[in-house]
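> My questions will all concern the structure given below.
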């Protein structure tokens, strides 16, 4: 029977979805796997209150009237009703399903996982918010967050540039133990080749996690979703130094896989459909430093 491995029901059970789609997408997506990222589950709009400031306290003597302080608040709105979903549909012939269930459906499933993870990362790193009718319909990406700390026109990056970015994090009273680097593979490769005067490589393997590297003591995450053609089609890229705890992700629907058995019955076809709905926003822009105008080293 076609799709016998997915069970008899048209919608996979939560346990099956966990094993087949949700966990693979979480693992394959660099953004969703960042340590400390705040993920809020909600089926409707999410308002995150923010304490934006407070008056300074004062010194007071014995029996002296204590000065009042006033706090100021703002809020971040996530998952407004206009936010769209990521949706994907793959059709296949029932002959293919009957004759090669494991290989065929497994290949379709793997491709869907990669496509969903790629779309999530592309949007969360570079999304422009897609304003339609005065409302934002897609998440805004890190590179387009308002109010973050910027280093412009970096050129070919050096270790001093990274130290300057770390200095900006420290000057903003951010916890340096929480921040991570995110960069394109091209940039990562260039930094792996950097040596000090004694010939020692400056990017070190993370002893706590296989395949992970550190720069200035901060974990490095590599993704091709950080473009290398920024700046009106030039070869410029960007490096992000960020505290993921300062980012909030609202999740209306985790990636959910549905088996469609009869929708395309007239063609004797089955289909797999995946749907998910996310939104994201920065809670504290000072927790993000973006090095812009990063160029490739000269060969």
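> Could you give the length gained by full extension between residue 283 and residue 153, i.e. 0.36 nm per residue of separation minus their alpha carbon distance, to one decimal place?
Once the chain is fully extended between residue 283 and residue 153, it gains 44.2 nm.
> Which one, 57, 157, 24, has the greatest fluctuation when you compute a Gaussian network model over the chain with C-alpha springs under 10 angstrom?
Among 57, 157, 24, the largest mean-square fluctuation in the Gaussian network model of the chain belongs to 57.
> Now, a different point. Do the sum for the chain: with -39,500 (n - 2.57) for every DSSP H run of n ≥ 4, divided by all residues, what is the mean residue ellipticity at 222 nm, to the nearest 500 deg cm²/dmol?
Result for the chain, helices only: -6000 deg cm²/dmol.
> Would you look at the GNM of the chain, springs on alpha carbons closer than 10 Å, and say which of 197, 147, 217 moves the most?
197
> Further question on the same structure: Would you list 226, 247 from fewest to most Cβ contacts within 10 Å? Intermediate values should be presented prior to the final figure.
Details: 226 27, 247 23.
If I rank by nearby Cβ atoms, fewest first, I get 247, 226.
> Shifting gears a bit: Mind jotting down the distance between the C-alpha centroids of the stretch 142-178 and the stretch 32-75, whole Å?
Centre-to-centre distance over Cα atoms comes out at 24 Å.
> At 7 Å along the Cα-to-beta-carbon direction for both residue 271 and residue 91, put a label point, then send me their distance in nm to one decimal.
The modelled label-to-label distance comes out at 0.7 nm.
> Still on this structure, I have one more. Relative to the first principal axis of the alpha-carbon coordinates of the chain, what is the inclination of helix 106-126, with its axis defined by its Cα atoms, in degrees from 0 to 90 and to the nearest 10?
Tilt relative to the chain: about 30 degrees.
> Counting only Cα atoms, I'd like the Rg/Rh figure for the stretch 52-142, Kirkwood definition for Rh.
Numbers: Rg = 26.3 Å, Rh = 18.6 Å.
Over the Cα atoms of the stretch 52-142, Rg/Rh equals 1.41.
> Quick one: give the max-minus-min coordinate of the C-alpha atoms of the chain along each principal axis, largest first, in Å.
Cα spread of the chain along its principal axes, largest to smallest: 82, 59, 40 Å.
> Using a basic spin-label model with each label point 7 Å from the Cα along Cα→Cβ, how many nm lie between residue 65 and residue 135?
4.9 nm
Values quoted throughout were computed directly from the atomic coordinates according to the rules given, and no laboratory measurement underlies them. In this text, all values refer to a predicted model and were calculated from it rather than measured experimentally. A quick note on method: Cβ atoms are made from the backbone with ideal geometry, for glycine too, and the neighbour counts reach across all protein chains shown.
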